Structure formats: C-alpha cells, structure tokens
Amino acid sequence: MELYVERGFEQTTVAEIARRAGLTERTFFRHYADKREVLFWGAGALQELIVKTLASAPDSAAPIDAVAAALEAAGALIQEGGDRPRKRQDVIAANAELQERELIKMATLASAIAGALRERGVPDPAASLAAEAGIAVFRVAFERWINDPAQGDLPAVIRQSLDELKAVTAGS
C-alpha cells in the first residue's frame with residue numbers, strides 16, 4: 001500500500017512490492033495473481049462475513065434490516081484497518097482499471113447478498129432489490145466515512161445512511 005501511495009499503482013512493480021515485503025517474486029505469486037490482488041485480497045473474507053451475518057439475522061428482521069446488520073458487521077471489520085481503507089480508496093480512485101475492479105467486487109457482493117436472502121426465504125425481486133439497495137447504502141456510507149474522518153464509526157454511518165434511504169422512500 002505504501003508503494004502504491006508513494007509511486008502510484010501503475011508505476012509500482014511486483015518486484016518492488018515483493019522486495020518491500022521481504023519476499024521473492026515467486027513467493028508473491030504464490031499468494032497473489034497480480035499486483036491488483038494486493039488491494040482486493042480481503043474481498044472473499046468480507047463477503048463471507050456478510051453472508052454469515054445475514055444468515056444469522058433474526059427471522060423477524062425485514063430483508064433490508066438483515067442486510068444492514070450484515071453491512072454494519074463488514075463496516076466494523078473495515079474500520080479495524082485503521083488508515084488502510086482510506087489509502088486503498090485513494091489508490092483505487094486514481095486508476096480506472098481499479099475502479100472497474102471495485103465495481104465488479106460490489107456487483108459480486110450484491111449477488112451473494114441476494115443469494116443469502118433467497119436462502120432466508122425472501123423471494124425475487126425483493127431479494128435482489130434489498131441486496132442492491134444495501135450495496136448502494138454501503139457505497140454512500142463508505143464514501144462519506146472515507147471523505148470525512150470526523151464521521152467516526154463506519155457501522156453508525158451505514159445505519160444513518162439506511163435511515164436516510166428509508167426516509168426518502170417513505171416520502172419524508
């Protein structure tokens with residue numbers, strides 16, 4: 001991450017990353033397919049946490065509230081990364097290829113959330129709508145949190161953003 005911030009994503013090589021990490025290039029490639037993967041390595045674990053949290057939500061929870069609880073859990077995990085999420089986002093924002101990759105990651109996450117909702121018995125299109133709305137809430141909340149460190153707690157910003165969506169859709 002430091003190299004990406006210092007030199008930019010395009011100018012950073014795998015050899016430099018490996019050297020900075022105290023690895024050989026061969027060892028690097030055992031763990032990552034390419035240098036983009038360094039930025040996206042936690043996506044699988046994040047998705048797993050969201051799906052698991054969603055599956056354990058109370059049966060009485062409305063689909064969007066179950067999604068929100070899962071995204072809040074993800075927000076807590078992201079927040080534990082300290083300044084890394086902000087640095088990561090700066091690197092992604094400066095590169096169109098990485099922005100595209102981030103959008104693909106979000107679409108994959110929405111699909112996983114919709115699948116988890118279907119497992120809970122939520123029919124389509126409600127499952128897909130709740131998943132996509134949840135991802136929209138997450139993206140807005142994450143951007144607010146990234147751009148204003150005074151926002152503090154990411155899970156709280158996610159909940160606040162969901163409340164704002166509910167107010168908008170209720171016509172308030």
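The values are calculated or read from the model by the stated rules, or taken from the named source; none is laboratory data. It should be emphasised that the depicted structure is a prediction, and the values quoted were computed from it without experimental measurement. Positions of Cβ are generated from backbone atoms using ideal geometry, with glycine treated the same way; all protein chains shown enter the neighbour counts.
Checking each residue in region 103-148 for being in contact (Cβ under 8 Å) with a residue 12 or more places away in the chain and of a type in the set (D, E, K, R) picks out Lys105, Glu119, Arg120, Glu132, Arg139, Arg144.
Only residues that are within 21 Å of Glu119 (Cα to Cα) and surrounded by fewer than 15 Cβ atoms within 10 Å (Cβ to Cβ) were counted in region 23-58, giving 7. Among the residues of region 126-172, those that are in a loop (DSSP other than H, G, I, E, B) and exposed (fewer than 10 other Cβ atoms within 10 Å of the Cβ) comprise Gly171, Ser172. Checked against (1) within 20 Å of Arg159 (Cα to Cα); (2) over 17 Å from the mean Cα position of the chain (by Cα); (3) surrounded by fewer than 14 Cβ atoms within 10 Å (Cβ to Cβ), Ala61 passes all but a single condition, namely (3).
A Cβ distance below 8 Å, combined with a sequence gap of six or more or placement on separate chains, defines the contacts here; from region 81-94, residues that are within 14 Å of Arg144 (Cα to Cα) reach residues that are surrounded by 13 or more Cβ atoms within 10 Å (Cβ to Cβ) and β-branched (Val, Ile, Thr) in the pairs Pro85/Ile78; Pro85/Ile146; Arg86/Ile146; Gln89/Ile146; Asp90/Val5. Of Gly115, Gly81, all but one fail to be outside any helix (DSSP H, G or I) and assigned by TED's automatic domain parsing to the domain that holds Leu54; the exception is Gly81. Output yes when any residue across region 89-105 is of a type in the set (A, V, I, L, M), within 21 Å of Leu162 (Cβ to Cβ), more than 12 Å from the chain's Cα centre (by Cα) and buried (at least 19 other Cβ atoms within 10 Å of the Cβ), and no when none is. For region 89-105, residues of a type in the set (A, V, I, L, M), within 21 Å of Leu162 (Cβ to Cβ), more than 12 Å from the chain's Cα centre (by Cα) and buried (at least 19 other Cβ atoms within 10 Å of the Cβ): absent.
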